[in-house]
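*Asks:* One structure follows; several queries about it will come next.
The values are calculated or read from the model by the stated rules, or taken from the named source; none is laboratory data. Remember, predicted model here, so these are calculated numbers, not experimental data. Counting neighbours? That spans all protein chains shown, and the Cβs are built from the backbone with ideal geometry, glycine included.
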Amino acid sequence: MKILAVDDDETHRDLLALALKQMALHDLKLCDSGESALMELTQEATPYECFLLDIDMPGMDGIELCRRIRAMPKYELAPIVMLSGLSDRVHIEAAFDAGASDYLTKPFDELELSARLYLARKHGQQRRQFARVRAEIEDVRTELGKKKAFTLATPLELEDVAGSIEYLALENFLLQTSEKLAAVDVIAVKIVNVEEIFQKTTTSEFRFAVNSVGDAIAETLRLRQYFMAYAGNGQFPIILRDGLGIDPETFSADLACNAEELEIRTTRGEILVPQLVVGSGMRNGFIPRKANLRALASAIDDAEECAARIAASQASSGKGKHGAIDGLFGWLKAS
Amino acid sequence: MSQENSRQFSAALSEEFEAVRLRYLDTMETTIIELDALLGAIGRPDVQERALEGIRFRAHKISGTAETFGYPRMGQLAHQVETAVDQRARLSASGPTKQIEALVETLLVEMEQTLDARVYAPQAARV
């Protein structure tokens with residue numbers, strides 16, 4: 001794996017080189033500033049496969065460097081791991097906002113570094129593979145018709161949706177949210193009729209549907225600080241990081257207003273309306289890091305249960321079949 | 001890699017780590033002098049903010065590496081200095097600096113004692 005590591009501290013560069021050597025990762029280039037790293041990126045012959053960026057550097061800091069690397073088309077999908085001695089929430093959030101894939105706090109042990117690099121490599125390979133498939137599918141989209149470049153369960157990147165990050169980055173953010181940090185609220189929105197939409201739409205139509213729901217959620221949360229992602233299966237997990245809490249009922253009602261005119265016209269002329277349901281939400285904070293991921297899973301499960309109840313109720317009443325929408329926007333209590 | 005090659009590789013890495021540690025201790029002498037000068041500058045209103053920023057920057061670097069070489073107390077003290085400077089900046093840029101000065105002095109004592117001892121710390125295991 002070809003790695004570019006950027007750190008202004010000579011000792012830390014030496015230690016990184018040593019640690020990577022121990023992991024038999026020898027294809028490493030070290031830079032001592034953001035500016036020299038950008039220069040290197042304009043000159044290198046073969047692209048880098050992973051970036052390790054220190055955050056707190058004089059001149060261009062690691063967050064700005066991350067933003068600039070991410071803006072380069074060839075590094076749109078590259079894993080970027082941020083390194084910093086700061087366990088400050090602001091830096092963690094800013095790093096993920098700038099497009100970071102993961103975050104490590106110094107000093108870190110070799111095992112942790114090794115595990116994160118393994119994940120970064122695996123993630124990078126998957127993203128490149130997915131991008132290749134997506135490009136191929138786009139090329140023959142008309143012929144392929146409704147065939148998808150992904151399955152129903154595939155997490156998708158939301159495009160130009162405020163507050164959206166990749167699902168993996170969302171998980172990494174929660175893992176980095178230590179007990180020292182303020183509480184976060186985790187809630188999930190589910191498209192109840194996602195299977196029907198998936199079956200009846202083309203790749204780009206399904207993407208449009210997912211993005212439209214993302215936009216409606218973003219509009220509902222426009223005054224809040226949050227991250228959201230599309231986790232696949234019609235699920236949008238959301239992390240509210242301003243500590244203000246959330247009332248699922250109010251959120252659900254506001255979301256219903258913002259999604260009122262949401263509809264997807266298929267190439268066959270059918271109109272599909274996504275039915276949204278909001279789970280009851282989980283408040284988290286001051287607890288071990290891994291519990292945050294359990295909260296995320298619980299929030300998703302909760303929204304899933306609510307959606308199943310709605311689907312069952314529609315099936316018994318004969319509503320909601322074949323895209324006939326009854327306008328149900330429900331927040332169902334988890335009980 | 002054969003067992004013998006593996007042993008040689010590990011030995012080479014240990015040597016390299018020791019070389020990095022010695023370079024680190026060399027730069028620590030310079031850092032002590034710089035921190036001492038910055039501590040003296042805190043009392044001068046015209047350069048106080050720059051002095052505090054210089055102290056925070058050096059403390060940040062120490063907190064990220066000291067534990068790696070087996071100096072966890074030095075790392076913790078440096079982290080306290082960094083946090084204290086950050087807190088002052090958040091609360092009031094013209095606030096008192098007494099606590100910061102005391103913390104820097106404690107850190108300097110710890111660094112000087114480390115240099116005096118110059119004993120290899122076998123617990124160094126973090127990167």
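*Asks:* In the list B:Gln113, B:Gln76, B:Gln99, which residue meets the criterion of being within 13 Å of chain A (Cβ to nearest Cβ) and assigned to a helix (DSSP H, G or I)? First the steps, then the outcome.
*Replies:* Values: B:Gln113 fails: within 13 Å of chain A (Cβ to nearest Cβ); B:Gln99 fails: within 13 Å of chain A (Cβ to nearest Cβ).
Result of the check over B:Gln113, B:Gln76, B:Gln99: B:Gln76.
*Asks:* Quick one: A:Ser33 ticks every box in (1) under 30 Å from A:Ala135 (Cα atoms); (2) modelled with pLDDT of 95 or more bar one, so which box is it?
*Replies:* It is condition (1) that A:Ser33 fails.
*Asks:* If we keep just the residues of segment A:1-28 that are loosely packed, with under 15 Cβ neighbours inside 10 Å and touching a strand residue (DSSP E or B) at 6+ places or on another chain (Cβ under 8 Å), which is modelled with the lowest pLDDT?
*Replies:* The qualifying residue modelled with the lowest pLDDT is A:Asp27.
*Asks:* Do you know which of the residues in segment A:113-124 that are more than 9 Å from chain B (Cβ to nearest Cβ) and surrounded by 14 or more Cβ atoms within 10 Å (Cβ to Cβ) is nearest to A:Ala78 (Cα to Cα)? Walk me through how you get there before you give the answer.
*Replies:* In the first step, residues of segment A:113-124 are kept if they are more than 9 Å from chain B (Cβ to nearest Cβ); the result is A:114-124.
Pick out the ones that are also surrounded by 14 or more Cβ atoms within 10 Å (Cβ to Cβ) and you get A:114, A:116-117, A:119-121, A:123-124.
On the way: A:Ser114: 17, A:Arg116: 14, A:Leu117: 12, A:Leu119: 12, A:Ala120: 9, A:Arg121: 9, A:His123: 9, A:Gly124: 6 Å.
Top of the filtered list is A:Gly124.
*Asks:* Which number in (1) under 14 Å from B:Leu39 (Cα atoms); (2) among the hydrophobic types (A, V, I, L, M, F, W, C); (3) modelled with pLDDT under 90 marks the one condition that B:Val109 misses?
*Replies:* (3)
*Asks:* Still on this model: For segment B:30-39, state whether one or more residues are surrounded by 13 or more Cβ atoms within 10 Å (Cβ to Cβ), in contact with a Leu (Cβ under 6 Å, 6 or more places away or on another chain) and either within 14 Å of another protein chain (Cβ to nearest Cβ) or at pLDDT below 90 (or both).
*Replies:* no
*Asks:* When you scan segment A:223-241, do you find a residue that is surrounded by fewer than 18 Cβ atoms within 10 Å (Cβ to Cβ) and part of a strand (DSSP E or B), even just one?
*Replies:* First, pick out the residues of segment A:223-241 that are surrounded by fewer than 18 Cβ atoms within 10 Å (Cβ to Cβ): A:223-225, A:232.
Add one more test, that the residue is part of a strand (DSSP E or B), and what stays is A:232.
Yes - at least one qualifying residue is present in segment A:223-241.
*Asks:* May I ask you to list the residues in segment A:272-308 that are modelled with pLDDT of 65 or more and in a loop (DSSP other than H, G, I, E, B)?
*Replies:* Within segment A:272-308, A:Val273, A:Pro274, A:Gln275, A:Gly279, A:Ser280, A:Gly281 qualify.
*Asks:* Of all residues being under 15 Å from the mean Cα position of the chain (by Cα) and hydroxyl-bearing (Ser, Thr, Tyr) in segment A:219-242, which is modelled with the lowest pLDDT? Just the residue, please.
*Replies:* It comes out as A:Tyr226.
*Asks:* Among residues belonging to segment A:75-93 that are touching a strand residue (DSSP E or B) at 6+ places or on another chain (Cβ under 6 Å) and touching a residue at least 60 places away in the same chain (Cβ under 8 Å), point out the one that is farthest from the other protein chains (Cβ to nearest Cβ).
*Replies:* For segment A:75-93, the residue satisfying everything is A:Ile92.
*Asks:* Report whether or not A:Asp254 is of a type in the set (Asp, Glu) and assigned to a loop (DSSP other than H, G, I, E, B). Can you show your working first?
*Replies:* Values: of a type in the set (Asp, Glu): yes; assigned to a loop (DSSP other than H, G, I, E, B): no.
Here the answer is no, as A:Asp254 does not meet what is asked.
*Asks:* Among the numbered criteria (1) in contact with an Asp or Glu (Cβ under 9 Å, 6 or more places away or on another chain); (2) part of a helix (DSSP H, G or I), which one does A:Leu117 miss?
*Replies:* Failing condition for A:Leu117: (1).
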